[in-house]
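Right, one structure below, let's go through it.
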Amino acid sequence: MTAAVAGVLLSAQVESASTSLPSTNTAHHCVRHTTGVCGWTHHQKPRDKYETAKCQDATLSYSRHSQGTCSHHHGVRYWFK
């Protein structure tokens, strides 16, 4: 029974965390970094609320931290967070 209660609590926390950002990503701020520019200022929008950057080779990044983002994809083209 304890495992069932813990599972319910964990799923509720994950659900609330995944719905905390709006679908348009307006709560995100662009990273101040040496590579890449703010996607919003260049009329670029992320494909979903979890995308944090678009790499130079057009791959998407869902990196939690800015350090090393797109390092194997020729750097960051646009930041969304």
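Some points to look at:
- Failed criterion for ALA27 (all others in (1) at pLDDT 50 or above; (2) within 13 Å of the chain's Cα centre (by Cα); (3) open to solvent by less than 90 Å² (accessible area, probe 1.4 Å) hold): (1)
- Test: residue in region 54-75 that is at pLDDT below 75 and open to solvent by 100 Å² or more (accessible area, probe 1.4 Å): no
The values are calculated or read from the model by the stated rules, or taken from the named source; none is laboratory data. Quick caveat, the model's predicted, so the values are computed rather than measured. Accessible surface areas use protein heavy atoms only, side chains included; no ligands, DNA or RNA. Shrake-Rupley method; radii C 1.70, N 1.55, O 1.52, S 1.80 Å.
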